[in-house]
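Step one of this worksheet: look at the structure below.
The values are calculated or read from the model by the stated rules, or taken from the named source; none is laboratory data. Quick caveat, the model's predicted, so the values are computed rather than measured. Positions of Cβ are generated from backbone atoms using ideal geometry, with glycine treated the same way; all protein chains shown enter the neighbour counts.
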Amino acid sequence: MVIDDMSSITLVLREWLKDAGVSDVITFEDPREAVEEIRKNGVPDFIVTDYNMPGMNGVEFLEKVTAGNDVRAIIMTAYPSEVDFRSTTKTYEVIEKKIGFMDTIVRKIRSSEEKDR
């Protein structure tokens, strides 16, 4: 699952992941819609979320949907030095939105899939 309020990011990242062989990528531009999807269909295997979004930030989103679940997640941001990526129970991995960040996300997801095998 990919959540980012910029449609250009969700579109490109979804295609990038599909080209890398990651199947069943769903995207949302509104974190509240992603919360509803998770309530209906369960937590996905991996979540990539932007930090700065209207309605709730990426840490708030992950706290809301991962409570009691061991979910792998990455938070993307253009401003990593300006925010705190710790929740009350976990510190999240952060990837800065800069040249090559999509390749880094793909590698992290692929590595995670290999550990599951």
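Being among the basic types (Lys, Arg) and under 17 Å from THR66 (Cβ atoms): is that true of ARG39 here?
yes
Which residue is nearest to LYS18 (Cα to Cα), if the candidates are limited to the stretch 40-73 and must be touching a Pro at 6+ places or on another chain (Cβ under 8 Å) and among the β-branched types (Val, Ile, Thr)?
THR49
Mind checking whether some residue in the stretch 78-88 is within 13 Å of the chain's Cα centre (by Cα), within 13 Å of ASN57 (Cβ to Cβ) and at pLDDT 70 or above?
Checked against the condition, which is being within 13 Å of the chain's Cα centre (by Cα), within 13 Å of ASN57 (Cβ to Cβ) and at pLDDT 70 or above, the stretch 78-88 yields no hits at all.
So how many residues does the stretch 56-78 have that are assigned to a loop (DSSP other than H, G, I, E, B), small (Gly, Ala, Ser) and within 22 Å of LEU13 (Cα to Cα)?
Adding up the residues that qualify gives 1.
Specify the residue that is modelled with the lowest pLDDT; the eligible residues are those in the stretch 8-49 that are exposed (fewer than 15 other Cβ atoms within 10 Å of the Cβ) and among the hydroxyl-bearing types (Ser, Thr, Tyr).
SER23
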